[in-house]
Amino acid sequence: MKPIDFFPRFNTLTKNDLKVDFHLHSTWTDGKNTVEEIIQTAKEYGLHSIAITDHIREESTYFEAYKKEIDRLNSESDMNIYVGFEAKISDFVGNIDVKKEEAEAADIAVVSVHRYPLGNRLYTASEFTKNIAQEIEFELSIAALKGGGFNVLGHPGGMSLTHFKEFPLDFYEEIITECIKNEIAFDLNGRYHQHQIDILYPLLQKHNPFVAIGTDSHNINRMGRWNKDLQEYI
Ligand SMILES: [Zn+2]
Ligand SMILES: [Zn+2]
């Protein structure tokens, strides 16, 4: 795993730091495009570094072949192409759904709240009222941050934002504080945070966490825009 200082701090972001995408999905899982197509698109947008962060689970068996392909494409390219994954937060004590050795072998280990694990079932945020959904997402995020074992918290607030369009300021603030405390980067993510930047910007400026810029693109048509949008803010 890349050490935390691999990521830039929010207040010292340069235009060059924005020419990256550290949250991307390919045909290895549910993305529409191959890693090669993603690399080609990243090149067209002038990015210098990307991470392929396909969905992984503890029982996934594809990681070795996946890493091999990305390493090969990286060696053939003048861009930096990092091996990553996105795993889900499994419970309220901070377990994450990925093999330890695979987390160690990846450069960019994104861990995100997806469905909510309660009892024997997984629930979507929309099955709860807004306040409860936000609280569950917050608790899961904090548990994962305290547990560690990864270097990027994926799309903080994302499930609440998807279903309720908002995530409380104090939850954002505590998540950012825990990111810093536990040396984990905050995934500033175009898919989820494009309408949150006015809320997030003052908090990120105040606490100055390490940030991973990503788009969570599952299709190359979604790439590029966020990198341009962010330029206006730095
Ligand atoms: Zn996700
Ligand atoms: Zn994702």
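Taking amide H positions as modeled 1.01 Å from N, with prolines and chain starts lacking one, the residues under 5 Å from Tyr82 and 5 or more places away or on another chain are Ile50, Ala51, Ile52. Here the scattering of the chain is modelled by Debye summation over its C-alpha atoms, one equal scatterer each and no solvent; at q = 0.07, 0.16, 0.17 Å⁻¹ the log10 of I(q)/I(0) is -0.20, -1.12, -1.28. Three principal axis extents describe the C-alpha atoms of the stretch 154-234; from largest down they are 35, 28, 22 Å. Shape verdict for the stretch 96-234, please, from the Cα gyration tensor: rounded (a/c under 1.5), prolate (a/b greater than b/c) or oblate. Note, shape of the stretch 96-234 comes out rounded.
Ranking Tyr62, Gly46, Thr27 by how far each Cα lies toward the positive end of the dipole of the stretch 22-69 (charges on Cβ) leaves Gly46 at the top. Taking the Cβ of Tyr66 as the center, what net charge do the other residues with Cβ under 10 Å away carry, scoring Lys and Arg +1 and Asp and Glu -1? With Lys, Arg at +1 and Asp, Glu at -1, the net is -3. In this structure the stretch 21-119 gives 45 Å² per residue of accessible area when probed at 1.4 Å with all protein chains present. Taking every C-alpha pair closer than 8 Å and separated by at least 6 residues, the mean separation divided by the residue count of the stretch 33-144 gives a relative contact order of 24 percent. As a length-normalised measure over Cα pairs under 8 Å and 6 or more apart, the relative contact order of the chain settles at 26 percent. Relative contact order for the stretch 149-192: 60 percent, from Cα pairs under 8 Å spaced at least 6 residues apart, divided by residue count. For the stretch 1-95, applying the loop criterion from DSSP together with a ceiling of 11 other beta carbons within 10 Å to the trypsin sites (Lys or Arg not before Pro) yields Lys15. Taking the DSSP beta bridges with both ends in the chain, the antiparallel portion is around 15 percent.
Once you reduce the stretch 184-213 and the stretch 80-101 to the center of their Cα atoms, the two points are 20 Å from each other. Once a ≥ b ≥ c are taken as the square roots of the eigenvalues of the Cα gyration tensor of the stretch 21-124, is the result rounded (a/c under 1.5), prolate (a/b larger than b/c) or oblate (a/b not larger than b/c)? Cα axes put the stretch 21-124 in the prolate bin.
The values are calculated or read from the model by the stated rules, or taken from the named source; none is laboratory data. Just so it is clear, the structure is predicted and the values come from calculations on it, not from any experiment. Virtual Cβ from ideal backbone geometry, glycine too; neighbours counted across all protein chains shown. Heads up: the accessible areas ignore ligands, DNA and RNA and are worked out on the full protein's heavy atoms, side chains in. Shrake-Rupley method; radii C 1.70, N 1.55, O 1.52, S 1.80 Å.
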